[in-house]
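The values are calculated or read from the model by the stated rules, or taken from the named source; none is laboratory data. In this text, all values refer to a predicted model and were calculated from it rather than measured experimentally. Don't worry about glycine lacking a Cβ; one is built from the backbone with ideal geometry, like all the others, and counts go over all protein chains shown. What goes into the accessible areas is simple: the full protein's heavy atoms, side chains included, and nothing from ligands, DNA or RNA. Shrake-Rupley method; radii C 1.70, N 1.55, O 1.52, S 1.80 Å.
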Amino acid sequence: LFGIMAKESGGKVHAVSRSGAAGPLQFMYATGLRFGLGTDNGFDLRFDPAASARANAEYMDEQLKVFNDNLELTLAAYNAGEGRMSRLVGSDTKVSFYDPRIYGQLSQETRDYVPYVLAAAWLFLHPDSYNLRFPKIDGAPGSITLKRPASLSELTVCLGSTGGMEERWYRTLRNLNPRLDPQQEQPA
């Protein structure tokens, strides 16, 4: 999940690709619907990090079964499309992603995507081997009490660069509040 999200959106909850894939895990509309990512009171659930992560796990489980637990083919299907990968692989689900009959038929994007995602996942799973340190995040919910109505954009300015967040409050507030329009004032 970390590797896919790193490549797909870099953790940006509101990312949208040129092809229309949306959210932190870049689901296409129809695929999102298949895994419960429709709309909720007008909000596109592909932008909900928790719902998107659950849908991604279900999708990966489904595709791992289709591709005989071959992670490389499953990741290629996530990027290039499951229908395309199924046509390329046919009944030979033991074929390697790197087999020229498969690899040579894929776009450069997909050829790069699979090793990138695997490398990101490997680094996340083995940070000490590479002298990496991921920050510890306190996942406890927090709240801000507004004395007057304000938008997320206005709060970004008000928070300034406190806590070493130079110009990152906007993305942080958007990611933590994916259902809020950043320009719409929130009540006091």
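Some notes on this structure:
- By a 1.4 Å probe calculation restricted to protein chains, GLU8 has an accessible surface near 40 Å², given to the nearest 10.
- What the Cβ-Cβ distance of ALA50 and GLN105 gives, at R0 = 41 Å and to the nearest 0.05, is a FRET efficiency of 0.70.
- Between ALA120 and ASP40, the modelled label-to-label distance comes to 2.4 nm, taking each label 7 Å out from Cα in the direction of the beta carbon.
- Nearest-10 value in Å² for the accessible area of SER17, using the 1.4 Å probe: 40 Å²
- Bridgeable lysines around LYS65 (alpha carbons under 20 Å apart, same-chain partners fewer than 8 residues away excluded): LYS94.
- At least 18 Å along the helix axis (C-alpha) and Kyte average at least -0.5, DSSP helices within the chain: 108-125
- Within the same chain, lysines fewer than 8 places from LYS7 are excluded, and of the rest, those with a Cα less than 22 Å from its Cα are LYS136.
- Just so you know, the Rg over Rh for segment 30-91 is 1.04, from Cα atoms, with Rh as the Kirkwood radius.
- Overall, the accessible surface of segment 1-124 at a probe of 1.4 angstrom is composed of carbon and sulfur to the extent of 54 percent.
- For segment 96-175, the list of trypsin sites (Lys or Arg not before Pro) that fall in a loop by DSSP and count at most 11 other C-beta atoms within 10 angstrom reads ARG133, LYS136, LYS147.
- Label point distance in nm, HIS14-ALA140, each placed 7 Å from Cα along Cα→Cβ: 2.9 nm
- Cα gyration tensor of the chain - equivalent ellipsoid semi-axes, whole Å, descending: 36, 20, 13
- Centroid-to-centroid separation of segment 65-104 and segment 1-37 [C-alpha atoms, Å]: 20 Å
- Mean accessible surface per residue for segment 1-117, computed with a 1.4 Å probe while every protein chain stays in place, in Å²: 51 Å²
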